[in-house]
Amino acid sequence: MSHFRFEGREISIRPGQTIAAALAEAGELALRDTRSGAPRGVWCGMGVCQDCLVTIDGEENMRACMVKSAPGLTVTRQAFPGQTAARSIGAKPITAGDLQELTPEILVIGGGAGGLSAALSARFAGADVLLIDERSVAGGQYYKQTAEGAGPPLDRQQREGAALVADVMASGVQIMAPADLWGAYAADLFFVTHNHQTYRIKPRQVILATGAYERPWPVPGWTLPGVMTTGAMQTLWRSSRTLPAKRILVAGNGPLNLQVANELAAGGANIVAVSEAAAGPGLRTLGSGLALALSGPALALEGAKLVLALKGRGIALHWATRLVAVEQGLTGLRATLRNQLGQDIFVEADAIALGYGFSPANEIARALGAEHRHDHDKGHLVCVRTAEMETTVPNVFAVGDGCGLGGAPAARSEGLIAGITAAGRLGRSVNVTALAAANADLKRHRRFQKALWRLFDAPEPGLSLCSADTLVCRCEEVTKAALDAALADGSPSIAEVKRRTRMGMGRCQGRNCGPLLVAHLAETQGRPMDEHAYFAPRGPLKPVAIGDIVSAGKPR
């Protein structure tokens, strides 16, 4: 078996494992130290939070969840703050014009369900398509493809995704992955780094399929190593076939938690409990359940099977119950669950999957100036689009969860509509029959999604579960007490709160704390939750090494 070294210890690796997966399997969950010296580990599992940074062969700020393991590597924990190797020293100044330019007819940003469908439909219409994705294997968070060498697809969902990816590759779509798009300055001006080379991209049409990331709700202890998002734990299993621990608690709100609990249990984990904030089946949810069954009977049946499967496995499912605290115990993590009667349930686990729904990844759309409106029922911004999926920025289309969380089936339909329409703008023939079918499917998928979230409707706790010393900003370690102090002398704007506390200035660039702060300011100050209530998008949209930017497209 192959190995790499971590802090002087040999770590066994299996094909397909990321650095994070191999370390988790070896029981190494603490990967870096914060400014205060607190340990951190995997949180989001998708390269957004930057909590899993490690040093690999002397190069710091490497995301363990995004880097494949390989024999002979030397990996160490990263002390705060970590420094990037100064590859730019001595390089001559460059301008954007010095970068290699790519000119696809259609640029698709994101390789999930919506992006793949958009790319495929546009390519079938005869367009020249470039798809870029930040992960090495396309498929997105819904299809979560198995890494090369890790094994065959686990289920129908992965097989369906594998078939879609194969169709896209066979169609002639150009795929650039893994790639980080860090600059979006106009509909025809994007900057992307791929294999330490930086490119300027000038497309004629753009389709944004950026997806979403999981929305956290802070509780005491939520930053401890071993506490991660439900999606992160699912990625470890579905992509790398790795269980982060044997005893696992799954907590939060939404059907993904039920799915992941069953998947992990089938993989050999001991699911000690599932805590679901929604009230569960009953007379109040009868109407939503019927609407769900009518709009998507097959998916509704799969959902019912998830609940029955938990019962069949003897896994306790606590409805109307929330995780309210986590402590480091002698033999693992000690979690406190609280039900609607105020009664506490104490659970011991080695790892905790925490998921309370999602937030749209809309930074690129907002940076380009696409109009967004706040949806009170959904609790987040929704991108304003035409029936053809075009945003308020001409020639920029947006599909999938990045626009307002409609689910993967809806994303596929939206992608097909956007791909056909964008290709039509270039003079390609429009498949009217396929377009009509996609629109009909989209209406049905949207009805299903609406009924699904009525079924899982639960009050959002906001910052109400925080103690004074609970961190509300993971990156800059801003506590609830520090935030309260910043708000004590009036009604400062979100920009002023940012200046006073540094919330939103960390490596995740406000993706975790931003939505929480917006909701808190609306609740405590009565501020409107419109587009201007959020942190403004700022470049670079993702952390990028200066050495990569000034490489002028030349490989190191």
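Give, as ranges by residue number, the residues of the range 421-456 whose backbone N falls under 19 Å from the point 7 Å along Cα→Cβ of Lys202. Output list for this probe position: 426.
How much length, in nm to one decimal, is gained on full extension between Ala304 and Ala320, taken as 0.36 nm per residue of separation minus their Cα-Cα distance? Walk me through the numbers on the way to the answer.
On the way: separation 16, 0.36 × 16 = 5.76 nm, distance 1.76 nm.
Here the segment from Ala304 to Ala320 would lengthen by 4.0 nm.
Pairs of Cα atoms nearer than 8 Å and 6+ residues apart set the relative contact order; for the chain it is 17 percent. Label separation (Ile94 vs Asn395): 2.5 nm, computed from points 7 Å beyond Cα along the C-beta direction.
Our estimate of slack between Arg373 and Leu294, defined as 0.36 nm per intervening residue step minus the Cα-Cα distance, is 25.5 nm.
Each Lys and Arg adds +1 at its Cβ and each Asp and Glu adds -1 at its Cβ; summed about the Cα centre, the range 244-339 shows a dipole of about 220 debye. Given R0 = 22 Å, the distance between the Cβ atoms of Leu330 and Ala26 translates into a calculated FRET efficiency of 0.60.
Sorting the segments 370-379, 452-461 by their mean number of nearby beta carbons within 10 angstrom, highest to lowest, gives 452-461, 370-379. Summary of the geometry: the range 389-404 and the range 407-476, compared by the centres of their Cα atoms, lie 11 Å apart.
Can you put Val227, Val324 in order of Cβ neighbours within 10 angstrom, beginning with the fewest? Numbers along the way, then the final one.
Numbers: Val227 26, Val324 19.
Listed from fewest to most nearby Cβ atoms, that is Val324, Val227.
Only lysine pairs 8 or more places apart, or on different chains, with alpha-carbon atoms under 24 angstrom apart are counted in the chain, and they number 20. Here the simple spin-label model places points 7 Å from the Cα toward Cβ, and for Ser36 and Asn270 these points are separated by 3.1 nm.
For Glu7 and Arg499, compute 0.36 nm times the residue count separating them, minus their Cα-Cα distance, and round to one decimal in nm. Show your work: numbers first, answer last.
Numbers: separation 492, 0.36 × 492 = 177.12 nm, distance 3.70 nm.
Extra length available between Glu7 and Arg499 comes to 173.4 nm.
A value for Rg and Dmax of the Cα atoms in Å was derived from the coordinates, and within the list (i) 22.7, 70; (ii) 25.1, 90; (iii) 23.9, 71 it appears as (i). Taking a ≥ b ≥ c as the square roots of the eigenvalues of the Cα gyration tensor, the range 370-461 is classed as oblate, since a/c reaches at least 1.5 and a/b does not exceed b/c.
Each residue, Phe346 and Thr74, gets one label point 7 Å from its Cα in the Cβ direction; the gap between the two is 4.5 nm.
Which shape class, rounded, prolate or oblate, goes with the range 112-234 when its Cα gyration tensor gives a ≥ b ≥ c as root eigenvalues, a/c under 1.5 marks rounded, and past that a/b bigger than b/c marks prolate? Intermediate results must be reported in sequence, preceding the final value.
Values: a/c = 2.12, a/b = 1.32, b/c = 1.61.
Cα axes put the range 112-234 in the oblate bin.
Between rounded, prolate and oblate, where does the range 227-356 land on the alpha carbon gyration tensor, with a ≥ b ≥ c its root eigenvalues, rounded for a/c under 1.5, else prolate if a/b exceeds b/c? Here the range 227-356 falls in the oblate category.
Laboratory data are not the source of any read-out in this text; all were calculated from the coordinates shown. Treat the numbers as computed from the prediction; the structure is a model and nothing was measured. No Cβ is skipped: glycine too gets one built from the backbone with ideal geometry, and neighbour counts run over all protein chains shown.
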